[in-house]
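The values are calculated or read from the model by the stated rules, or taken from the named source; none is laboratory data. Source: prediction; values computed, not measured. Please note: Cβ atoms are built from the backbone with ideal geometry, for glycine as well, and neighbour counts cover all protein chains shown.
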C-alpha cells in the first residue's frame, strides 16, 4: 500500500484492518518496499563495491610498480644517460627513450591482460550482472584507464631522466 507519511507508523492500523477482514489471515514480517528492495540488492551492491575496490587497489599497485621499475632503470642508467646528453642527445630524445621502454612494458601487460580477460569471459560475465566480459567498449575503457595510469606513472622518471646534468652524472664515478 502507498502511504503519504511514514509507513512504519501505519503498521498498527494495517494490522487492525486486515484482522477485521479475516482474523485467520496471518500478518508477519511487515516491511516497506524500500526495505525489501534493499535486501535483494545488498549482495550485488557489496560485490560491486568489493570488485571496484580490488580494481582500484590493483591499478594503484600497478602504477606504483611501473613507477618503481622505471625509476630504478633511470637510476641505474644515469651514467649512460649523462653520456648521451653530453654527446648531444636532446632532452626530448632522452624522454622518448624512457617512454619507449615504458610503452613496451605497458604494451606487453595490456596484451597479456586482454588475452586473459577474453579467456575468462564466462567467469567475468557470471560475476557482473548484465555485463558481457568481452564487451569491446568495456575493454576499451579498461585499456584507456590503464594507459592513463601508466602515463602518469612514467612521466616523473622520464622527466627526471631528461633533466640529468651530464657533469653530475659523469662525476659520480
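Residue pairs whose Cβ atoms lie under 7 Å apart, separated by 6 or more positions or on different chains, with the first residue in segment 153-170 and touching a residue at least 40 places away in the same chain (Cβ under 8 Å) and the second surrounded by fewer than 17 Cβ atoms within 10 Å (Cβ to Cβ) and not in a helix (DSSP H, G or I), do not occur. I need a count of the residues in segment 18-44 that are part of a helix (DSSP H, G or I) and at pLDDT below 80. Summing the residues that are part of a helix (DSSP H, G or I) and at pLDDT below 80 in segment 18-44 gives 14. Among the residues of segment 77-97, the ones that are part of a helix (DSSP H, G or I) and free of Cβ contacts under 8 Å to residues at least 24 places away in the same chain come to 4 in all. Of the candidates 60, 47, the single residue that is at pLDDT 85 or above, part of a helix (DSSP H, G or I), in contact with a helix residue (DSSP H, G or I) (Cβ under 9 Å, 6 or more places away or on another chain) and farther than 30 Å from residue 169 by Cβ is 60.
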